[in-house]
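Report on one structure; see the data block that follows.
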């Protein structure tokens, strides 16, 4: 698979739109033939998939635009905004499905048309499975938060369609009335949980959450290998769409000339980019011991700060398993 991250994300979003259209047509026919609440819930989810996929397509197209004089860090956060829009749609769908399912439990009509419902659900699972495979291949290349949110939603669709099949079989074939509605409630709860999970990464990007701890440890280990660096501090990391950013200060011999300091920073940046390709790196040199005021964390060596966070996380994990 070749192409820029923006082009790959755009192709994945287009594939998602096409899949949602195909599945939506099939499920509309199945709802008309079966009257199943579980199938209706699946159709509502697919309709929202289509809308979400269109928003995702818009988001990745905006995010792929290069930085300009008004957006010097680029437009990557458009992906996070698209992901949050998806979350809002998923949440509305979950509430709607649960509401309709409760109404069915209170005496609504029972579903019919087993063969149609099962055939459509199997076809939808096949289309969804192909889309998930393609999205996973794109996510491995681009780490797109918008495509990942879309992928999480479509993962739930596989379970959704499997649940529809089981609900129809139990309700129609074995006369276990009410199972269709119970599965509808379960589907609604699953969608709500999926919305919560999908929102966390988008919010992390919008709030400029630091990279995962293991990645920061690896980054610092590579940077600290240069013999002329006497410390690293005030390191800040963040992700915007498919673009990663990191900036940090380095303590250096105050007797160095500007040319010498520039050479060292170029060497450090080259080593880092070899292991972290595509990352936007900004390095600021400081004489040994110098710290800009205002931020107490800036005065702590970055490796010591990360080690403290690691110790805190390990202590929390130890308490959980105690």
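The values are calculated or read from the model by the stated rules, or taken from the named source; none is laboratory data. Not measured: the values here are computed from a predicted model. Cβ: placed from backbone, ideal geometry, glycine included. Neighbour counts: every protein chain shown.
Key figures for this structure:
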{"item": "Flag if residue 287 is outside the structural domain of residue 144 (by TED's automatic domain parsing) and without any contact (Cβ under 8 Å) to a residue 24 or more places away in the chain", "result": "no"}
{"item": "Output for the stretch 225-251, where each listed residue is surrounded by 14 or more Cβ atoms within 10 Å (Cβ to Cβ), without any contact (Cβ under 8 Å) to a residue 40 or more places away in the chain and not in a strand (DSSP E or B)", "result": "228, 229"}
{"item": "Subset tally (residues that are surrounded by 13 or more Cβ atoms within 10 Å (Cβ to Cβ) and within 18 Å of residue 217 (Cα to Cα)) for the stretch 257-298", "result": "11"}
{"item": "Among (1) crowded, with 20+ Cβ neighbours inside 10 Å; (2) out of contact with any helix residue (DSSP H, G or I) (no Cβ under 8 Å at 6 or more places or on another chain), the one test that residue 69 misses", "result": "(1)"}
{"item": "Boolean, residue 254 is within 14 Å of residue 229 (Cα to Cα), touching a strand residue (DSSP E or B) at 6+ places or on another chain (Cβ under 8 Å) and surrounded by fewer than 14 Cβ atoms within 10 Å (Cβ to Cβ)", "result": "yes"}
{"item": "Subset of the stretch 194-214 (residues that are out of contact with any helix residue (DSSP H, G or I) (no Cβ under 7 Å at 6 or more places or on another chain), surrounded by 15 or more Cβ atoms within 10 Å (Cβ to Cβ) and in a helix (DSSP H, G or I))", "result": "204"}
